[in-house]
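The next block holds one structure in the form of structure tokens; read it before the comments.
The values are calculated or read from the model by the stated rules, or taken from the named source; none is laboratory data. Note that the coordinates shown come from a computational prediction; the quantities given were computed from them, not determined experimentally. We place every Cβ from the backbone using ideal geometry, glycine too, and count neighbours over all the protein chains shown. Keep in mind that these areas ignore ligands, DNA and RNA; they rest on the heavy atoms of the full protein, side chains included. Shrake-Rupley method; radii C 1.70, N 1.55, O 1.52, S 1.80 Å.
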Amino acid sequence: MTSVAGARLGLVFWEQDGAAHAAVTGPETRTGTAPVPEGAVLTGIDLAVGTTLRMAPTADLLDGGVTLPDTSRRTFRLDGARWQTPGPDDAEALVERLVRAGVLDREPLVADVLRGHRPAFSQRTVERRFRAATGLTRGAVRQIERARTAALLLAAGAQAADVAAELEYFDEPHLARALRTYVGRTARQLHEGAGGAIALDVAQRRTS
């Protein structure tokens with residue numbers, strides 16, 4: 001399916017041909033094509049922007065990830081310990097356990113910056129801490145998040161001109177270029193639900 005750029009770490013669990021697998025996925029800076037194993041059943045967890053993983057710097061996971069070893073249907077191994085493999089209904093409980101154990105952490109400065117606050121640090125310090133937590137610059141995160149929001153609005157039926165104005169794109173060609181770079185779809189394709197499978201929950205937007 002078409003993968004979509006994203007600024008978040010993720011955890012993915014899937015079963016195929018009777019075998020269980022797990023992986024950590026890193027932030028993605030561009031759209032691309034992601035393989036989907038035939039007959040696989042997947043559960044994915046998107047972590048908040050600025051979440052970090054103790055076992056590896058986020059920058060090392062950029063545009064990639066790590067397959068986790070020794071995974072079974074019931075458990076998986078992460079950061080030297082075994083954890084219960086989650087289903088869709090207990091993903092949040094797993095994240096809470098990982099946070100309590102120190103496996104996951106979150107850089108609060110990232111959320112403050114994305115909300116428009118100005119932390120009491122030098123710009124160089126802010127940029128260094130932001131990039132250490134996300135693997136990306138502030139500008140890159142904003143561009144990726146804005147393109148994803150635009151895609152959801154378009155999939156929900158909004159017109160391209162209105163989306164460009166609402167999200168403060170310079171004009172529609174700039175919006176189109178962002179969609180091509182980060183989403184891999186045109187505004188028309190998003191309107192029509194065309195182009196095949198895409199790693200963006202557009203159906204949720206339509207029914208909400």
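Given the criteria hydrophobic (A, V, I, L, M, F, W, C), open to solvent by 50 Å² or more (accessible area, probe 1.4 Å), under 17 Å from GLY26 (Cα atoms) and assigned to a helix (DSSP H, G or I), does ALA140 qualify? No. Condition first: crowded, with 18+ Cβ neighbours inside 10 Å and touching a Pro at 6+ places or on another chain (Cβ under 7 Å). Can you find one or more residues in region 123-130 that meet it? Yes, that holds for at least one residue. Of the listed requirements (1) touching a Leu at 6+ places or on another chain (Cβ under 6 Å); (2) modelled with pLDDT of 95 or more, PRO86 misses just one: (2).
Region 33-83 holds strands (runs of 3 or more DSSP E) entirely within its bounds, and those carrying 1 or more residues that are closer than 16 Å to ALA7 by Cα map to 41-46, 51-53, 65-67.
Residue count for region 149-160 satisfying the condition of being open to solvent by 50 Å² or more (accessible area, probe 1.4 Å) and touching a helix residue (DSSP H, G or I) at 6+ places or on another chain (Cβ under 7 Å): 1. In region 84-122, which residue that is within 12 Å of ILE45 (Cβ to Cβ) and touching a helix residue (DSSP H, G or I) at 6+ places or on another chain (Cβ under 9 Å) is most open to solvent (accessible area, probe 1.4 Å)? My answer is THR85.
Cβ separations smaller than 7 Å between residues 6+ apart or across chains give the following pairs from region 126-141 residues that are at pLDDT 95 or above to residues that are aliphatic (A, V, I, L, M) and surrounded by fewer than 17 Cβ atoms within 10 Å (Cβ to Cβ): GLY135/ALA59; GLY135/LEU62.
Would you check if there is a residue in region 69-78 being aliphatic (A, V, I, L, M), at pLDDT 95 or above, within 16 Å of the chain's Cα centre (by Cα) and surrounded by 12 or more Cβ atoms within 10 Å (Cβ to Cβ)? No: zero hits. Taking the condition farther than 23 Å from THR43 by Cα and surrounded by 15 or more Cβ atoms within 10 Å (Cβ to Cβ), does THR186 pass? Here the answer is yes, as THR186 does meet what is asked. GLY196: touching a strand residue (DSSP E or B) at 6+ places or on another chain (Cβ under 8 Å), open to solvent by less than 60 Å² (accessible area, probe 1.4 Å) and over 30 Å from LEU53 (Cβ atoms), yes or no? So GLY196 passes the test.
For (1) free of Cβ contacts under 8 Å to residues at least 60 places away in the same chain; (2) open to solvent by less than 70 Å² (accessible area, probe 1.4 Å); (3) touching a Phe, Trp or Tyr at 6+ places or on another chain (Cβ under 9 Å); (4) not hydroxyl-bearing (Ser, Thr, Tyr), each residue gets a yes or a no:
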{"site": "THR2", "(1), (2), (3), (4)": "no, yes, no, no"}
{"site": "ALA7", "(1), (2), (3), (4)": "no, yes, no, yes"}
{"site": "PHE13", "(1), (2), (3), (4)": "no, yes, yes, yes"}
{"site": "GLY18", "(1), (2), (3), (4)": "yes, yes, no, yes"}
{"site": "ALA23", "(1), (2), (3), (4)": "yes, yes, yes, yes"}
{"site": "GLY26", "(1), (2), (3), (4)": "no, yes, no, yes"}
{"site": "THR29", "(1), (2), (3), (4)": "no, yes, yes, no"}
{"site": "PRO37", "(1), (2), (3), (4)": "yes, yes, yes, yes"}
{"site": "PRO57", "(1), (2), (3), (4)": "no, no, no, yes"}
